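Visitor: Sharing a structure here in structure tokens format.
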Amino acid sequence: MRRQKLREYEMKIWDISRTLSAELAPWPGDVEFKLKLNGKIPEGSSVNLGMISMSLHNGSHADARFHFEQDGSTMEQAKLETYFGPVVVADFSSNYRGNTMPQITVDDLRRSERDLKEAPRLLLKTNIWSDSHVFPKQIPTIATDVPRWLQERGVKLLGVDIPSVDELASKDLRNHHAIAAAGISILESLDLSSVANGRYQMVALPLKIAGGDGSPVRAILWRD
């Protein structure tokens, strides 16, 4: 009877975080992830004791506005409720089976409009970055009118499964600024490969890093 009750509470969890390791491809020129054991039990230490060095934008991460705005808020000021709650996954992977990189437009997003009313967070699935060990050479972006459209529908977070919401070569980071101006927080480099279209619950809390321009997140999805 007890085992039967436990089964009733079993819940499917999707881990949508990329694994932090030395094999994870960093943004070209950025600091790669490194793990070092300063204490090792086989060498006489009472514990294994590790330290890491990394960019705050390695793997799945949240952007703080300070990342692209000098007077923007830093990571310890993040509103945690933004990164916790109902979310919509919109799957556009079928658009990217060739070498073309069409933008994701408002017309593309209209099919999710009804769900966004009750789940004001949006994750865009492209499956462009299928191998975390190799940095993508090109990525799709959102159309310029998407941030305003999302704002008008009360969206508070936008997540992508690629390294940036802007083109890789962008210097003005137009989409970053437009998304922030719309009051929308940004998650980048998620792994949505095993997640289907539809509504979920999400937790993707950033670390409380004073002065941080970003933070790694452990992002998960589940369904009630």
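The values are calculated or read from the model by the stated rules, or taken from the named source; none is laboratory data. Since this is a predicted model, take the numbers as computed values, not measurements. Glycine also receives a Cβ, built like all others from the backbone with ideal geometry; neighbour counts cover every protein chain displayed.
Visitor: Is it fair to say Gly198 is farther than 16 Å from Val89 by Cα and over 16 Å from the mean Cα position of the chain (by Cα)?
Guide: No, not satisfied.
Visitor: Can you tell me how many residues in the stretch 56-71 are in contact (Cβ under 8 Å) with a residue 40 or more places away in the chain and either over 24 Å from Asp15 (Cβ atoms) or in a loop (DSSP other than H, G, I, E, B) (or both)?
Guide: The total comes to 11.
Visitor: For Gly98, state whether it is part of a loop (DSSP other than H, G, I, E, B) and surrounded by 15 or more Cβ atoms within 10 Å (Cβ to Cβ).
Guide: It is false that Gly98 is part of a loop (DSSP other than H, G, I, E, B) and surrounded by 15 or more Cβ atoms within 10 Å (Cβ to Cβ).
Visitor: Oh, and also: Got a sec? Which of Ile184, Ile142, Ile162, Ile179 is surrounded by 14 or more Cβ atoms within 10 Å (Cβ to Cβ), closer than 22 Å to Leu24 by Cα, out of contact with any His (no Cβ under 7 Å at 6 or more places or on another chain) and of a type outside the set (Gly, Ala, Ser)?
Guide: Selected residue: Ile162, the only one of Ile184, Ile142, Ile162, Ile179 that is surrounded by 14 or more Cβ atoms within 10 Å (Cβ to Cβ), closer than 22 Å to Leu24 by Cα, out of contact with any His (no Cβ under 7 Å at 6 or more places or on another chain) and of a type outside the set (Gly, Ala, Ser).
Visitor: So is Ser94 out of contact with any helix residue (DSSP H, G or I) (no Cβ under 7 Å at 6 or more places or on another chain) and over 22 Å from Gln151 (Cα atoms) or not?
Guide: Here the answer is yes, as Ser94 does meet what is asked.
Visitor: Here is a further query. Please pick out the residue among Glu10, Glu43 that is closer than 20 Å to Ser194 by Cα and either aliphatic (A, V, I, L, M) or more than 20 Å from the chain's Cα centre (by Cα) (or both).
Guide: None of the others qualify; the one that does is Glu10.
Visitor: With the checklist (1) loosely packed, with under 14 Cβ neighbours inside 10 Å; (2) on the phi > 0 side of the Ramachandran plot in hand, flag the one item Ser189 doesn't pass.
Guide: If we test Ser189 against (1) loosely packed, with under 14 Cβ neighbours inside 10 Å; (2) on the phi > 0 side of the Ramachandran plot, just (1) comes out false.
Visitor: Let me spell it out: the conditions are (1) within 25 Å of Val203 (Cβ to Cβ); (2) in a loop (DSSP other than H, G, I, E, B); (3) not hydroxyl-bearing (Ser, Thr, Tyr), and Leu109 meets all of them except one. Which number is the exception?
Guide: (2)
Visitor: Got at least one residue in the stretch 121-133 being in a strand (DSSP E or B), buried (at least 17 other Cβ atoms within 10 Å of the Cβ) and among the basic types (Lys, Arg)?
Guide: yes
Visitor: Go through the stretch 145-159 and give me each residue that's crowded, with 22+ Cβ neighbours inside 10 Å and either assigned to a loop (DSSP other than H, G, I, E, B) or at positive phi (or both).
Guide: Val155 - this is the single residue of the stretch 145-159 that is crowded, with 22+ Cβ neighbours inside 10 Å and either assigned to a loop (DSSP other than H, G, I, E, B) or at positive phi (or both).
Visitor: Where in the stretch 172-224 are the strands (runs of 3 or more DSSP E), entirely inside, with at least 1 residues that are modelled with pLDDT of 95 or more and over 18 Å from Ile162 (Cα atoms)?
Guide: Fully inside the stretch 172-224 and qualifying: 198-203, 220-222.
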